[in-house]
Amino acid sequence: MSGPRAPQGDIVDLIADIFARRGAEAYLGERVTMAEHMLQTAALAEADGAPDTLIAAALLHDIGHFTGELGAYSPQDAVDRRHEAAGAMALEGQFPPAATEAVRLHVAAKRYLCATDATYRAKLSPASIHTLSLQGGPMTAIEVAAFQRLEFHAAAVRLRLWDDAGKVARARTPTFDDFKPMLRRVARRQTAL
């Protein structure tokens, strides 16, 4: 997905192919695979009554680990690979801003929560604490104020909380195929130019 964009009608199949080929990869040193984590995050969003756009964002929030030009995360990383930006870029034009912006902002939401919730950082896994340091650490007061002005900041915070909770080994979730109809509803239809 970092190369030429697929025709819009093919985006769900393209993502399904990525899940099939790469979903079994380890998820950032956690006890779940990439696919398990992303499916758990989407299942938590669905159970919380989130709108389809936010469920889609929850399912696809880490797609940038697969599509980013900087490659997949390694626990030895000393620089941020900006998977949130890569994921949002891969989804833009295919999904509405309510989904793509939640993807783009889910890392900023972690930084925001670390700055605004005294109990939040203690809930993070060691891998999330490591990536937090690469991503800039907790936001400053100026960054918090700027983040709160963003249209989709509240959606990104909700996504972040599901993201943090979606790391349970052997948790039962719907499959990617179960989410395909919802993704097709959310994905933008191709329009004639």
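Here is how the numbers come out for the structure above:
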| quantity | calculated |
| --- | --- |
| Residue selected from segment 21-63 under the condition touching a residue at least 12 places away in the same chain (Cβ under 8 Å), surrounded by fewer than 19 Cβ atoms within 10 Å (Cβ to Cβ) and not basic (K, R), by the criterion nearest to M182 (Cα to Cα) | D52 |
| Subset tally (residues that are over 23 Å from L28 (Cβ atoms), in contact (Cβ under 8 Å) with a residue 12 or more places away in the chain and among the charged types (D, E, K, R)) for segment 113-157 | 2 |
| Subset of segment 120-163 (residues that are in a loop (DSSP other than H, G, I, E, B) and under 17 Å from the mean Cα position of the chain (by Cα)) | L124, S125, Q135, F152 |
| Among the candidates A57, A50, A109, A99, residue that is among the aliphatic types (A, V, I, L, M), part of a loop (DSSP other than H, G, I, E, B), at pLDDT 95 or above and under 27 Å from A146 (Cβ atoms) | A50 |
| Odd one out for A187, checked against (1) within 18 Å of A45 (Cα to Cα); (2) hydrophobic (A, V, I, L, M, F, W, C); (3) modelled with pLDDT of 95 or more | (3) |
| Residue in segment 171-184 that is of a type in the set (A, V, I, L, M), free of Cβ contacts under 8 Å to residues at least 24 places away in the same chain and not in a loop (DSSP other than H, G, I, E, B) present | no |
| Residue check for A90: part of a helix (DSSP H, G or I) and either at pLDDT below 95 or within 15 Å of I18 (Cβ to Cβ) (or both) | yes |
| Check on D163, closer than 25 Å to F19 by Cα, of a type in the set (D, E) and surrounded by 17 or more Cβ atoms within 10 Å (Cβ to Cβ) | yes |
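The values are calculated or read from the model by the stated rules, or taken from the named source; none is laboratory data. None of the values given here were measured: they were computed from a predicted structure. Neighbour counts run over all protein chains shown; Cβ positions are idealised from the backbone, glycine included.
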